[in-house]
Amino acid sequence: MIPKIIHQLWERGNEPIPDFFRQLGETWKKHHPSWQYEFWDGKRMDTFVNSNYPHFTNIYHNYRYDIQRMDVIRFLILYKTGGMYVDVDYECLDSFDKYLSTDKCHFSMEPELHCRFFRKTLYFNNALMITPPGHPFFEFVIKNLQTTVFTYTKSKYQDVLSSTGPLMLTGLYEKYENKTCINLLPPEQVSPWSKNEVRDFINGTANREILEKKLENAMALHYFWGAWLNNEADLLDF
């Protein structure tokens, strides 16, 4: 069974979480009033790894980029406690209660445009994940993170996605034999807008009627903020 816990992370040194992200976090509480809400800052994340995964501490702290630690900690937390992890740039539109009565883990698929960009027949991310504790696929992911030697390139964008992010995760799914214990949530439910459509919506250049229609079956909306990219944000222009 999946416990009623929502996990969200924020780690920018002493910088407080922006109001926009805080307001999005409130949408998850609104639609899940009986769920426990857990907010993780940098100090709490470090303490959790040191206490629960001492054998992983060196790997965790030796990643080149902070976002890699942010990627990895969500796998560690969910494997230990279970529940739902969701990025702070995600808005909740409906309850996910119906996914609690299962032993499967659930991941958020991205729009077809994103799949084509990465030359994948399917592509899902680590921005929204739901799982019972101790799930075998999460164990598989963590073991691979421990044993895989990664060679960095000059591209932070490619390195992060391939070492700890969605490309790594999708690649492990492709290798995993028991796919029946994994459910991939369709994009119309969890990522109804592409990154380009989100950008157009924010800039006021979107066709509002089309975007509204795409929300008809949506339970959540991902804004693909990608703040960790800094100057490489243009690489996400699909």
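Brief remarks follow.
- One residue from 70, 84, 129 being aliphatic (A, V, I, L, M) and without any contact (Cβ under 8 Å) to a residue 60 or more places away in the chain: 129
- Options 131, 164; residue that is modelled with pLDDT of 95 or more, closer than 23 Å to residue 12 by Cα and among the β-branched types (Val, Ile, Thr): 164
Each row is one residue, and each column tells you yes or no for (1) farther than 27 Å from residue 2 by Cβ; (2) of a type in the set (Lys, Arg).
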residue	(1), (2)
111	no, no
115	no, no
137	no, no
143	no, yes
167	no, no
172	no, no
180	no, no
190	no, no
197	yes, no
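- When residue 64 is tested against (1) in contact (Cβ under 8 Å) with a residue 60 or more places away in the chain; (2) part of a helix (DSSP H, G or I), exactly one condition is not met: (2).
- Residue-level analysis places residue 157 among those that are surrounded by 13 or more Cβ atoms within 10 Å (Cβ to Cβ) and within 27 Å of residue 25 (Cα to Cα).
- The stretch 170-197 residues that are closer than 19 Å to residue 103 by Cα, paired with ones that are of a type in the set (S, T, N, Q) and buried (at least 16 other Cβ atoms within 10 Å of the Cβ) (beta carbon under 7 Å, 6 or more apart): 185/108
- When residues of the stretch 171-217 are limited to those that are in a loop (DSSP other than H, G, I, E, B) and crowded, with 19+ Cβ neighbours inside 10 Å, the one modelled with the lowest pLDDT: 194
- A single entry from 147, 102 fulfils the requirement of being without any contact (Cβ under 8 Å) to a residue 40 or more places away in the chain and hydroxyl-bearing (Ser, Thr, Tyr): 147.
- The residue that is nearest to the chain's Cα centre (by Cα), among those in the stretch 25-45 that are small (Gly, Ala, Ser) and part of a helix (DSSP H, G or I), is 25.
- Total residues in the stretch 73-83, condition in contact with a Pro (Cβ under 9 Å, 6 or more places away or on another chain) and within 12 Å of residue 6 (Cα to Cα): 4
- Any hit, the stretch 4-24, residues being modelled with pLDDT under 95, more than 17 Å from the chain's Cα centre (by Cα) and among the hydrophobic types (A, V, I, L, M, F, W, C): yes
The values are calculated or read from the model by the stated rules, or taken from the named source; none is laboratory data. If you're wondering where the values come from, they're calculated on a predicted model, not measured in any experiment. Note: ideal-geometry Cβ built from the backbone for every residue, glycine included; neighbour counts use all protein chains shown.
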